[in-house]
Amino acid sequence: MNKFLLVLTALIFSKVSSAQIYYSDVAQTFHNNCGHCHNTNSHGPSLLTYSAVAANLTNIQTHLTSGYMPPWLPDTTYSRFTHENVMAVAARQLILDWITGGALMGDTTLAPPPPTYSEYHLSGTPDLELQIPTFTSNAVSDDSYVCFSLPTGLTADRIVRAYEVVPGNHQIVHHVLVNVDTTGTVVSDLSGTCYSIPGEVALGGFAPGAQPTVFPNSSILKMGIKLKAGSNIILQLHYPMGSDGQLDSTRIRLYFYPPGEPGVRPVHVETPIQNWLLNIPPNTVQTFSAQSGVLPNNLSVFATFPHSHKLATDIVNYAYMGTDTIPLIRINNWDFNWQGYYTFKNMVKVPAGYRFKGTHVFDNTTANPFNPSSPPIHVYAGTSTTDEMLFDSFQWIDYQAGDELIDIDSLLENDPLLIGVNEIYAPVYNPMNSFAYPNPFNNTVNITYNLAHSTMVNIEIVSVTGKLIRTLQNAFETEGSHEINWDGKNNFGQKLNNGTYFYTIRTNETVSTGKLILISGK
């Protein structure tokens, strides 16, 4: 009987392992996780058809195996954002298995039709579109920063509801910063050394892979940035060295609220975290920090934009007062090529009296594959790509009660400006709901979670800076509801100080996280 079962098991396993995977089985994952950047109207090679994917198999396999693709920098166990482009482990493995199995084409008519991408990310007709004169890059042996001053021609004040920057040449536009000259007197600086972008009001910017800036417009929340009559829009474009002779004609498309629209809350765009004293000797790993002044009033942080260059490896931003910290963003594998504003799923309340703080780690050794210099050279703070920066920005509004409860993700998901054009399709996860009670807690907190099917489950407690405090579980669990408790102690059985901690529940396909507040520790 036992031999029969062994033979039967072997036959079943052989049947399963020999199952063939075809393009139609993996096409939707390519559409969901890759299409936004890899299409004919963006900067990456198209990955929306079998022939396009087949032409890039080696790179796809390498980047998926290393985790380099799809590019999503923020650590989702630290804070959560809209449009998270995180590929499920099972989906990643399916593509890798498909490639190692010969990348079989099969019947491509069974594959879902690819989404259609235009050069625009926002639908509808913009209220104002401005374009730089066709410009020939002057970046020969160094990076070029040029500032174009574009008159708006506005005869009355307007409030910006959304905007997008459309690069004229995706291959050479590294990033664009957007400011407003409210006086309308700033002139263009095309010398290549326009490092400090002029203008009194910051709108934001663009980098490859970044989303357009869209502020909520609903009965729950309206946000926008005031654009004064007679203003000029200033576009600072960064062209990398070696791009000289190539042409660009970048545009900005702006959408306004109707004149006199009531209830629009003003958005502030600031860079409160800056450090211009970076000093990174060759063959060293250095950590630098910077912080803002004390905040005079409560803020609701809508989005964050951390920024460094090619030596950076890790970035963390948070707000703090005393020992209490509020997590904002953590990036464990910084990549200079993928950056932009990250919009929080729920705005983060930062109370008066707190400060913003940022810490960046810079690896100036040969172990850093992104190091632009070989052998490594001494690097200081500066604006060139071969220099370094610690320059972290935020978008926020003045706090009103209940701001942190507004579901920004849902408001933007249903926004007409984002529906139907270049939409990022949400990765498919098996849902896992979790919550903790009582919370705050003084002795024990119960963490409950739901599994859609049986799987390995890892549960950890971490500090606000991401340090592992306690591993509660790493075991196989069956489908259904589960509960585990934490007694406020670390892995060594020591009671922890009062404060904020986070739990993280990981399976092979999804992650669920939540905040815990301990009020009777040491």
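So that you can scan it fast, the table gives a plain yes or no per residue for (1) touching a helix residue (DSSP H, G or I) at 6+ places or on another chain (Cβ under 8 Å); (2) at positive phi:
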| position | (1), (2) |
| --- | --- |
| GLN211 | no, no |
| LEU221 | yes, no |
| LEU235 | no, no |
| GLY242 | no, yes |
| LEU254 | no, no |
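Do any residues in segment 77-101 that are within 30 Å of LEU412 (Cα to Cα) have Cβ atoms under 8 Å from those of residues that are of a type in the set (Phe, Trp, Tyr) and assigned to a loop (DSSP other than H, G, I, E, B), where the two are at least six apart or on different chains, and which pairs are they?
Between residues of segment 77-101 that are within 30 Å of LEU412 (Cα to Cα) and residues that are of a type in the set (Phe, Trp, Tyr) and assigned to a loop (DSSP other than H, G, I, E, B), the close pairs are GLU84/TRP72; ASN85/TRP72; VAL86/TRP72; ALA88/TYR429.
Would you point out which residue out of TRP338, TRP334 is under 18 Å from ALA381 (Cα atoms), in contact (Cβ under 8 Å) with a residue 40 or more places away in the chain and not in a strand (DSSP E or B)?
On the way: TRP338 fails: under 18 Å from ALA381 (Cα atoms).
Only one candidate qualifies: TRP334.
Go through (1) open to solvent by 20 Å² or more (accessible area, probe 1.4 Å); (2) more than 29 Å from GLU413 (Cα to Cα); (3) in contact with a Leu (Cβ under 6 Å, 6 or more places away or on another chain) and name the single condition LEU104 misses.
Result: LEU104 passes all but (3).
Looking only at residues that are open to solvent by 60 Å² or more (accessible area, probe 1.4 Å) and either touching a strand residue (DSSP E or B) at 6+ places or on another chain (Cβ under 9 Å) or among the polar types (S, T, N, Q) (or both) in segment 445-469, which one is nearest to SER79 (Cα to Cα)?
Result: THR465.
Filter segment 205-222 for residues that are surrounded by 24 or more Cβ atoms within 10 Å (Cβ to Cβ) and of a type outside the set (S, T, N, Q); which is nearest to ILE408 (Cα to Cα)? Explain how you work it out, then say what you get.
First, the residues of segment 205-222 that are surrounded by 24 or more Cβ atoms within 10 Å (Cβ to Cβ): 205-206, 213, 215.
Narrowing further to those that are of a type outside the set (S, T, N, Q): 205-206, 215.
Numbers: GLY205: 20, PHE206: 21, PHE215: 9 Å.
Here the residue is PHE215.
Which of the residues belonging to segment 443-471 are farther than 30 Å from LYS357 by Cα, assigned to a strand (DSSP E or B) and free of Cβ contacts under 8 Å to residues at least 40 places away in the same chain?
ASN446, THR448, ASN450
Scan (1) in a loop (DSSP other than H, G, I, E, B); (2) at pLDDT below 90; (3) more than 25 Å from the chain's Cα centre (by Cα) for the single condition GLY102 breaks and write down its number.
Status for GLY102: all satisfied but (2).
For segment 264-280, give me the residue count where each residue is open to solvent by less than 60 Å² (accessible area, probe 1.4 Å) and either in a strand (DSSP E or B) or free of Cβ contacts under 8 Å to residues at least 60 places away in the same chain (or both).
7
Failed condition for HIS482, given (1) at pLDDT below 85; (2) surrounded by 14 or more Cβ atoms within 10 Å (Cβ to Cβ); (3) out of contact with any Asp or Glu (no Cβ under 8 Å at 6 or more places or on another chain); (4) farther than 30 Å from GLY322 by Cα, with all others met?
Of everything listed in (1) at pLDDT below 85; (2) surrounded by 14 or more Cβ atoms within 10 Å (Cβ to Cβ); (3) out of contact with any Asp or Glu (no Cβ under 8 Å at 6 or more places or on another chain); (4) farther than 30 Å from GLY322 by Cα, HIS482 misses just condition (1).
Is there a residue in segment 493-500 that is at pLDDT below 85 and under 26 Å from the mean Cα position of the chain (by Cα)?
Yes: segment 493-500 contains one or more residues that are at pLDDT below 85 and under 26 Å from the mean Cα position of the chain (by Cα).
Output the residues belonging to segment 40-87 that are of a type in the set (Val, Ile, Thr) and within 22 Å of GLY340 (Cβ to Cβ).
Across segment 40-87, the qualifying residues are THR40, THR76, THR77, THR82, VAL86.
Can you tell me which of (1) open to solvent by 80 Å² or more (accessible area, probe 1.4 Å); (2) modelled with pLDDT under 85; (3) more than 30 Å from VAL166 (Cα to Cα); (4) not aliphatic (A, V, I, L, M) is the one THR40 doesn't meet?
Unmet condition: (3).
Could you say whether any residue in segment 281-297 is outside any strand (DSSP E or B), open to solvent by less than 20 Å² (accessible area, probe 1.4 Å) and in contact with a Pro (Cβ under 6 Å, 6 or more places away or on another chain)?
Scanning segment 281-297, I find at least one residue that is outside any strand (DSSP E or B), open to solvent by less than 20 Å² (accessible area, probe 1.4 Å) and in contact with a Pro (Cβ under 6 Å, 6 or more places away or on another chain), so the answer is yes.
Open to solvent by 30 Å² or more (accessible area, probe 1.4 Å) and at pLDDT 95 or above: does that describe TYR354?
no
Which one of these does ILE220 not meet: (1) in contact with a Ser or Thr (Cβ under 8 Å, 6 or more places away or on another chain); (2) not in a strand (DSSP E or B)?
The number of the failed condition is (1).
Kindly indicate which of ASP324, ASP314 is in contact (Cβ under 8 Å) with a residue 24 or more places away in the chain, of a type in the set (Asp, Glu) and farther than 29 Å from PRO266 by Cβ.
Details: ASP324 fails: farther than 29 Å from PRO266 by Cβ.
Just a single option satisfies the conditions, and that option is ASP314.
Within segment 1-37, track down each residue that is part of a helix (DSSP H, G or I), modelled with pLDDT under 75 and of a type in the set (Ser, Thr, Tyr).
Matches in segment 1-37: THR9, SER14, SER17.
Which one of the conditions (1) outside any strand (DSSP E or B); (2) open to solvent by 10 Å² or more (accessible area, probe 1.4 Å); (3) within 17 Å of GLN395 (Cα to Cα) does TYR318 fail to meet, given that it meets all the rest?
The one condition TYR318 does not meet is (1).
Could you tell me which residue of segment 131-165 is surrounded by the most Cβ atoms within 10 Å (Cβ to Cβ), considering only residues that are farther than 20 Å from PRO208 by Cα and aliphatic (A, V, I, L, M)?
Across segment 131-165, the extreme among qualifying residues is VAL160.
Only residues in segment 367-380 that are at negative phi and part of a loop (DSSP other than H, G, I, E, B) count as the first member; pair them with residues that are of a type in the set (Lys, Arg) and surrounded by 14 or more Cβ atoms within 10 Å (Cβ to Cβ), Cβ under 9 angstrom, at least 6 apart or cross-chain, and list the lot.
ASN368/LYS310; PHE370/LYS310; ASN371/LYS310; PRO372/LYS310
Taking the condition of being in a helix (DSSP H, G or I) and either open to solvent by less than 60 Å² (accessible area, probe 1.4 Å) or at pLDDT below 90 (or both), how many residues in segment 400-421 meet it?
Total satisfying the criteria: 10.
Inside segment 166-186, can you point out the residues that are open to solvent by 10 Å² or more (accessible area, probe 1.4 Å) and closer than 11 Å to LEU254 by Cβ?
Across segment 166-186, there are no qualifying residues.
Within segment 152-201, count every residue that is assigned to a loop (DSSP other than H, G, I, E, B), among the polar types (S, T, N, Q) and over 24 Å from LYS222 (Cα atoms).
Selection size over segment 152-201: 6.
The values are calculated or read from the model by the stated rules, or taken from the named source; none is laboratory data. All figures in this text were calculated on a predicted structure; none of them were measured in a lab. Note that we place each Cβ from the backbone using ideal geometry, even for glycine, and neighbour counts take in every protein chain shown. Heavy atoms of the whole protein, side chains included, go into the accessibility calculation; ligands, DNA and RNA do not. Shrake-Rupley method; radii C 1.70, N 1.55, O 1.52, S 1.80 Å.
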